[in-house]
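Written out below as C-alpha cells is the structure these notes cover.
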Amino acid sequence: ALMTGYTMLRNGGVGNGGQPWVLRWSSRIRLTWLSFTLFIILVFFPLIAHYYLTTIDDADDAGKRIFGPRTGNELCEVKHVQDLCRIRESVSEELLQLEAKRQELNSEIAKLNLKIEACKKSIENAKQDLLQLKNVISQTEHSYKELMAQNQPKLSLPIRLLPDKDDATFPLPKSNRNCRLHNCFDYSRCPLTSGFPVYVYNSDDYPFGSSLDPLIKQAFEATVRTNVYVTENANIACVYIILVGEMQEPMMPKPTELEQQLHSLPYWRTDGHNHLIINLSRKSETQNFIYNISTGRAMIAQSTFYDAQYRPGFDIVVSPLVHAMSEPNFLEIPPQVPVKRKYLFSFQGEKIESLRSSLQEVRSFEEEIEGNAPADYDDRIITTLKAVQDSKLDFVLVEFTCKNQPKASLPTEWALCGERDDRLELLKLSTFALIITPGDTRLVISAGCAMRLFEALEVGAIPVVLGEQVQLPYNDVIRWNEAALIIPKPRITEVHFLLRSISDNDLLAMRRQGRFLWETYFSTSDNVFSTVLAVIRTRIQIPAAPIREEPAVEIPHRSGKAAGTDPNMADNGDLDLGPVETEPPYASPKYLRNFTLTAMDIYRNWNSAPGPFHLFPYTPFDPVLPSEAKFLGSGTGFRPIGGGAGGSGKEFQAALGGNVPREQFTVVMLTYEREEVLMNSLERLNGLPYLNKVVVVWNSPKLPSEDLLWPDIGVPIMVVRTEKNSLNNRFLPWDEIDTEAILSIDDDAHLRHDEIMFGFR
C-alpha cells in the first residue's frame, strides 16, 4: 500500500478518482498504527510488569517498590483482611509487653551480677580469715603436742624377751612347799600385752594318757578346742597345762613312773615352772596320787589337798567335774522361791572310822577345859544335831548312818550316802545343807566336801560349812561369805540359833549368789577350765581377751522423708533439761585402762555384784557387762577395746570442767514382723539429742517388704539380720555399735525425748 501511495504521489496524484484513494490510504494508515500500538501494549507491557513484579524485593529504596506497603484504610477493605489486621495488632501488643519484661529481667540480672561480685569478694575475705584460723589452730595443736611431749613421755608396747628353752636361772626355793608366784613363776613369759597364750599338752602322746577317765579326757579336749587362750605355738606360751586325772584305778601308773613322765615333758625346763597340773574329779573319791610326786615349780589344780601339799596363792582348788560331757538340765533346777523349805537343814553321811566312838559317849566340856581336848569335834557335832532333831523346834533331817553302802572316802572324811539323784531330792527340800569337813585338820579340802558344795549350790540349798580351816574352790578370788556360811566346829551348839536368825532377804540373796557361782564357775567343763585360767590370769594381772564382736549382716532398705518425721512434731515432752546440742554421730573414745584396771581395781572388781570379781565370763575386761555401759538398766557395752569415761555432750563437758569427753548413745531396737509399729517408733526418734545410731535387730526370718519406706531421722538406721529368732539377740555385741551407752528397747515401747535424755544424762 505504501508503495502504491508513493507511485500515485509521484504521478501527481491527479486523475480520476484520486481523492478517494487518498482517503482510503489515510484510513489504512490509522488502522496500521492502531494495530501496532495494540501489539505493543499486549506483548511488551506484560513482560515489563512481570519483570517489575519479580524484582520488587530487590529494590534498595522502599519508595521505588511498585507494590509497597499501603495504609490500613487501603488494605482493610475486605473482611478477612480486617481479621488479619486485628491479629497483627494483638501480636504487636504482646511483643511490646515481652520486650518490656525482657528489659526488666536484664536489669535484675545486672543487679544480681553485682551481688555475685560482692559475694565473691566476701568469700575471698572469708577464705583469708579461715586460712588464718587454720594457721592459728595448727600452731595451737603444735604447741599442745609439745607441751604433752614434755609432760607425758611417749609409751609403746614393751618388747617381749622370751627366755631360752632350757633357762632355769632364777634361784630355787628352799622347799617346793614355799613356792609362790614371786619365786616359782617366770613373769618374763607373760607380758601384759601377750594376751595370755596357753599351751595344752596332748595327753595321748604320753603313757599316762591311756589311764585317764575317758569322759574327763573328752570333755577336757572339747573345752580346749574352743578356748580363746589356747595356742599351738609352745614357744610363745605363758602357761603350759597337762591333764593327769582323774585316772582309772586298774590302769593307774606308779608314782615314780608318773613323776618321770612329767619331768620328761618337752617344755618342763628342769623344774616345771609356768606349768599347771590339772587333776579333775568326776566322783567323790578323788585320788590324791600327786601327793607323793615331786612337781617342782609346777602349779597344781585339784579337789583334794593336804595342808602340807597346798600352797596358798599358787595352787588352785577346783570344783568337781560332775557334768563332763553334758549340759545340766536347768529345767530340773528348783526355783529360788519360796525362801524357806520343808527342812531347816539336812545332812546325810557316814564316818566309818569314828562312828562307833561317836555313838557311844561324848566327852564333856569340862574334860576339854581341863586340857583333854577331844581328838575330833565330830562327836559333839553328832550329839548336838541329834538333840536339835529330837527337840522338834524345826524340821531337820540328820542321818549319820547310810541306808545303803556309803561311797568311798578318805580317812576321817564323811562319806556320801545314796545316789546323786536321791541326795538332790533331799537338798531340794532343805533351806540349808550342812557340810562337815574331815576330822583330820591336815586335810584342808576333799573331793567329798567339794561334791557336797556343788550339789547344794545346784539346787539352791545354802551351804553351811563346819570347819573354818577348809579351802573352798577358788577361795582366794571368790567371797564365799556371800553364798555360804563358814562356821568353826566349836560353835556347833550355836548353829541352830544362827540359822534361825537369818532373815528371808539375806537367805534369798545368798541363794541367788550361790546359783550365780554354780552357773558361772562350776556347772560345765567349759566353765571349770575357763575359771582355772581366769584365776591364773588375774593373779599375774593380765587383762582378759575381749569378747569377739558379732558381725552385723545389714538388710538393704530404702530411706525417705516419711510422714511424721518433722522434728517439730516429735514427742519432746515438757521436762526442762537445759541446753541440748545436736551433733553428727560421734564414736565413744577407746578405753585406755585395759592394762591398768587389773592392778588398780582388782579388789573392787573381785567383790562387786553380780558375782565375785567377774571371774568368767564377767571379767572386768570382758565387755559383756561393764559397769560403765549400763544405761536405763537395759544396755550393755560391746566395744572390745572400748570404755567411756562418761559425759553427755559438750555442754555437760564444759560444766564438768572440760575434762570429761562427750558421749552419745545407740538405740538397739528389737522387732518381729511389725512394720507399721516399727516405723512409728523410729519416727518418734527424729531430732533426739545425743543419738548416734539406731540398730534395728530384725528377729524374723522373713525380710521386710521391698517397698517399705524407712523414715529419715537424721542419723543412720542399721537393720541387722539375725540367724535365729531369740530375745537375746538384742544383747549380742554387734560390730556396728560405736558408743558405750546403749538404750535397748522394744519396737512398741514409747519414751518421750525428755525421758530418754534424763536417763542418759
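The values are calculated or read from the model by the stated rules, or taken from the named source; none is laboratory data. Quick caveat: nothing in here was measured; it's all calculated off a predicted structure. Heads up, the Cβs are rebuilt from the backbone with ideal geometry, glycines too, and the neighbour counts pull from every protein chain shown. Just so you know, the surface numbers come from the protein's heavy atoms only, side chains and all, with ligands and any DNA or RNA stripped out. Shrake-Rupley method; radii C 1.70, N 1.55, O 1.52, S 1.80 Å.
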Residues in segment 509-538 that are within 19 Å of VAL239 (Cα to Cα) and surrounded by fewer than 18 Cβ atoms within 10 Å (Cβ to Cβ): how many? 1
Taking segment 291-316 as the search range and keeping residues that are open to solvent by less than 10 Å² (accessible area, probe 1.4 Å) and in contact with a Pro (Cβ under 9 Å, 6 or more places away or on another chain), which one is modelled with the highest pLDDT? ILE316
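Every residue, every condition in (1) modelled with pLDDT of 90 or more; (2) over 30 Å from GLY759 (Cβ atoms); (3) within 25 Å of the chain's Cα centre (by Cα), yes or no:
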site	(1), (2), (3)
THR520	yes, no, yes
SER523	yes, yes, no
ARG537	yes, yes, yes
ALA544	no, no, yes
ALA562	no, no, no
PRO567	no, no, no
LEU575	no, no, no
Show me the helices (runs of 4 or more DSSP H) entirely contained within segment 376-468 in which 1 or more residues are open to solvent by less than 10 Å² (accessible area, probe 1.4 Å) and at pLDDT below 95. 378-391, 447-459
If ALA324 satisfies all but one of (1) surrounded by 19 or more Cβ atoms within 10 Å (Cβ to Cβ); (2) touching a residue at least 24 places away in the same chain (Cβ under 8 Å); (3) over 35 Å from the mean Cα position of the chain (by Cα), what's the number of the condition it fails? (3)
Could you list, in sequence order, the residues of segment 214-251 that are at pLDDT below 90 and buried (at least 17 other Cβ atoms within 10 Å of the Cβ)? GLY245, GLU246, MET247
I'd like to check something: does segment 317-331 contain any residue that is modelled with pLDDT under 90, in a helix (DSSP H, G or I) and either in contact with a strand residue (DSSP E or B) (Cβ under 9 Å, 6 or more places away or on another chain) or under 27 Å from GLU458 (Cα atoms) (or both)? yes
So, in segment 188-213, how many residues would count as being at pLDDT 90 or above, open to solvent by 20 Å² or more (accessible area, probe 1.4 Å) and either of a type outside the set (S, T, N, Q) or touching a helix residue (DSSP H, G or I) at 6+ places or on another chain (Cβ under 6 Å) (or both)? 6
